[in-house]
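Before any comments, here is the structure.
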Amino acid sequence: MTEEHLDRLVRDADPYRPDVIGHLDGAQQALLEEIMSEPTLDRVAEAPQPGPRARRGLVRRFAGPLTAAAALIGVLAVSTMLRDHPDDRQAAPTGTPGPATSVVYSPVALKAAEENPRLLIDEPGWKVTNVWGFAKQQGAIAFSNGGRHVEMNWYPAAQYDGYHADRLNVSPPEAVKVDGWQGDLFRYSAKDFAVMLRPRDGVFVELRAEGGNRSQFDRILTHVVRVDVRTWLAALPPEIVTPARVDEQAAKVLADIPLPPNFDRAALADVGTNDAYQFGAQVTSRVGCAWIAEWQRAKRAGDDAALRRAADALRSSHNWQVLHQMNDEGDWPEVFWETADKVAAGQPVEYAPALGCD
């Protein structure tokens, strides 16, 4: 997977995600780089992708689930009273489902959106295409407009200095503002630009656009606005799994999946806001890790019946519909299957970094 929200394994594998913070060791990062690759931006990998098989050309520069990085996002609290920031705007990009005030959102969904920067491109034609995270100060959102693509990623403010220092190796910074938010622009090439916005409300944001020239990129920046909570939620297409839609989507994902003992479906409420691919990976990661934990428990206890049940459940993943639906978009299913098969067979395998198990 291309773990957009963690540090890159090798600096020259993708100059957009250099190894600046080092949350993971090299072996873990190499595997994580491949797990969640999914075609999103019109971009070809600069280096061969690690993992169980070569990628299908375009590489998803989007985070895999935090579960795959063994750093699951925290539980979302229910807020009794939410007030938008006074400088937040109401924007209505093309494709939003009508006025933001016409939809009633759950307190959980409002809370999740409130804790993030909520940037949109306020210009006709731009649509949200992919979303990941949006909990615990980390997430990503991608927009497309014909052949143009923009990606916005945010991280905890504590990581800003490390990322910024690395970007100084890319080019000298140029001071810019995005909707009044100060930042630095870095030039990767004549058609490849990024803007790192300074920390604000506990996070910092990095925007990336490829294709087009500098003047076109500058024009896009003039249309990036920070919006209120309901406007941001209204801009998300219905296929995006917001906290309010988790129960319904989880029921679909888990319909044909055997659940481990004491599996807590309600705990899936903390996965944030994700597109269908990322959500499927989040859910199957938790199921797989729980079955592996049960397999280990049964083995230690000498419980042969439970050991067989766990092994059978892991092998049954080859029949899980959600993994087959995801397999054309990225390599999470194949990594999952390879890991599950080895565990079920009692073979040594680094399952924790592969599936993001705690």
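The values are calculated or read from the model by the stated rules, or taken from the named source; none is laboratory data. Quick caveat: nothing in here was measured; it's all calculated off a predicted structure. Positions of Cβ are backbone-derived with ideal geometry, glycine not excepted, and every protein chain shown enters the neighbour counts. These area figures cover heavy atoms from the full protein model, side chains too; ligands, DNA and RNA do not enter into them. Shrake-Rupley method; radii C 1.70, N 1.55, O 1.52, S 1.80 Å.
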For the range 253-275, name all the residues that are touching a residue at least 40 places away in the same chain (Cβ under 8 Å), under 20 Å from ASN327 (Cα atoms) and of a type outside the set (Asp, Glu). VAL253, ALA255, ILE257, PRO258, ASN274
I need every pair where a residue in the range 337-354 that is small (Gly, Ala, Ser) has its Cβ under 9 Å from the Cβ of a residue that is open to solvent by 30 Å² or more (accessible area, probe 1.4 Å) and part of a loop (DSSP other than H, G, I, E, B), sequence separation at least 6 or different chains. ALA352/ALA70; ALA352/ASP358
Counting only residues in the range 144-157 that are farther than 18 Å from GLN278 by Cα and either under 12 Å from the mean Cα position of the chain (by Cα) or not in a strand (DSSP E or B) (or both), the one modelled with the highest pLDDT is identified as ALA157
Of the residues that make up the range 130-143, is at least one in contact with a helix residue (DSSP H, G or I) (Cβ under 9 Å, 6 or more places away or on another chain), in a loop (DSSP other than H, G, I, E, B) and in contact (Cβ under 8 Å) with a residue 60 or more places away in the chain? yes
Among the residues of the range 176-218, the number that are closer than 23 Å to ASN145 by Cα, out of contact with any Leu (no Cβ under 7 Å at 6 or more places or on another chain) and among the hydrophobic types (A, V, I, L, M, F, W, C) is 8
Specify which of the listed residues (ARG198, ARG219, ARG208, ARG187) is open to solvent by 50 Å² or more (accessible area, probe 1.4 Å), under 17 Å from PRO173 (Cβ atoms) and out of contact with any Ser or Thr (no Cβ under 7 Å at 6 or more places or on another chain). ARG198
Answer yes or no: is there a residue in the range 196-208 that is more than 18 Å from TRP154 (Cα to Cα), out of contact with any strand residue (DSSP E or B) (no Cβ under 9 Å at 6 or more places or on another chain) and not in a strand (DSSP E or B). no
Among residues belonging to the range 222-232 that are open to solvent by 10 Å² or more (accessible area, probe 1.4 Å) and outside any loop (DSSP other than H, G, I, E, B), point out the one that is farthest from TRP132 (Cα to Cα). THR222
